[in-house]
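Trainee: Below you'll find the structure I mean.
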Amino acid sequence: MVDGNAVYISFNKCEDTIRHSFLSHISAGFHRIGISCEYPVSDHDRVPEDRVAAIAKSKVALVILSEEYAFSKRCLDELLNVSECRDSNNNLVVVPVFYGLTKSALRKQCLKLKKKYPDDRVAAWRRALLEISDLHGHASSLERR
């Protein structure tokens, strides 16, 4: 096993198909090859300071972007934490996984954020979503084997 948390996984904890099937396969695969991973299984598992520390000590942040990810304030705040850690730590590799979602659909969701959340963080959330949509990632629906 790798010391510390090698991979931090960000996902929408409210989506059972991700939490109970997709995530379990990913984490089992990582563990089989000796890579440790961390992911809070509920919104109450981590206070923001602990979450930032876990992301900062990880080597990779795997962000599973689903239909509901962009509409969860907790997910958007976590994505901001990932972006901030990536900016301050060039060693953090961020890998998006588009789970039932395309890059273009994610970009369209960015436009809807202002209507859904009249919040001062919307501009930062949109910027983080657009940044991650530009990264090379994986489309889960295209890579079935």
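The values are calculated or read from the model by the stated rules, or taken from the named source; none is laboratory data. Given the structure is predicted, the values throughout are model-derived calculations rather than measurements. Neighbour counts are summed over all protein chains in view; Cβ atoms, including those assigned to glycine, are modelled from backbone coordinates with ideal geometry. Just so you know, the surface numbers come from the protein's heavy atoms only, side chains and all, with ligands and any DNA or RNA stripped out. Shrake-Rupley method; radii C 1.70, N 1.55, O 1.52, S 1.80 Å.
Trainee: Six or more apart or on different chains, Cβ atoms under 6 Å: show the pairs whose first residue is in segment 21-37 and on the phi > 0 side of the Ramachandran plot and open to solvent by less than 50 Å² (accessible area, probe 1.4 Å) and whose second is at pLDDT 90 or above and outside any strand (DSSP E or B).
Mentor: Final answer for the pair search is none.
Trainee: All but one of (1) surrounded by fewer than 19 Cβ atoms within 10 Å (Cβ to Cβ); (2) among the polar types (S, T, N, Q); (3) not in a helix (DSSP H, G or I) hold for Ser58, so report the exception by its number.
Mentor: Here Ser58 clears every test but (1).
Trainee: Inside segment 95-104, can you point out the residues that are touching a strand residue (DSSP E or B) at 6+ places or on another chain (Cβ under 6 Å) and either open to solvent by 20 Å² or more (accessible area, probe 1.4 Å) or not aromatic (Phe, Trp, Tyr) (or both)? Walk me through how you get there before you give the answer.
Mentor: Quick first cut of segment 95-104, residues touching a strand residue (DSSP E or B) at 6+ places or on another chain (Cβ under 6 Å) only: 95-99, 101.
Once the filter is applied, which keeps residues that are touching a strand residue (DSSP E or B) at 6+ places or on another chain (Cβ under 6 Å) and either open to solvent by 20 Å² or more (accessible area, probe 1.4 Å) or not aromatic (Phe, Trp, Tyr) (or both), segment 95-104 yields Val95, Pro96, Val97, Tyr99, Leu101.
Trainee: Please identify the pairs in which a residue from segment 121-145 that is at pLDDT below 90 has its Cβ atom under 6 Å from the Cβ atom of a residue that is part of a helix (DSSP H, G or I) and surrounded by fewer than 13 Cβ atoms within 10 Å (Cβ to Cβ), counting only partners at least 6 apart or on another chain.
Mentor: Sorted first by the residue in segment 121-145, then by its partner, the list stays empty.
Trainee: List the residue pairs whose Cβ atoms are under 9 Å apart, where the first residue sits in segment 83-94 and is under 15 Å from Ala124 (Cα atoms) and open to solvent by less than 100 Å² (accessible area, probe 1.4 Å), the second is at pLDDT 80 or above and among the aromatic types (Phe, Trp, Tyr), and the two are 6 or more positions apart or on different chains.
Mentor: Taking only residues 6 or more apart or on different chains, the pairs are Cys85/Tyr8.
Trainee: Restricting the search to segment 71-81, which residues are touching a Leu at 6+ places or on another chain (Cβ under 8 Å) and either under 17 Å from Cys37 (Cβ atoms) or buried (at least 24 other Cβ atoms within 10 Å of the Cβ) (or both)?
Mentor: Result: Leu79, single match.
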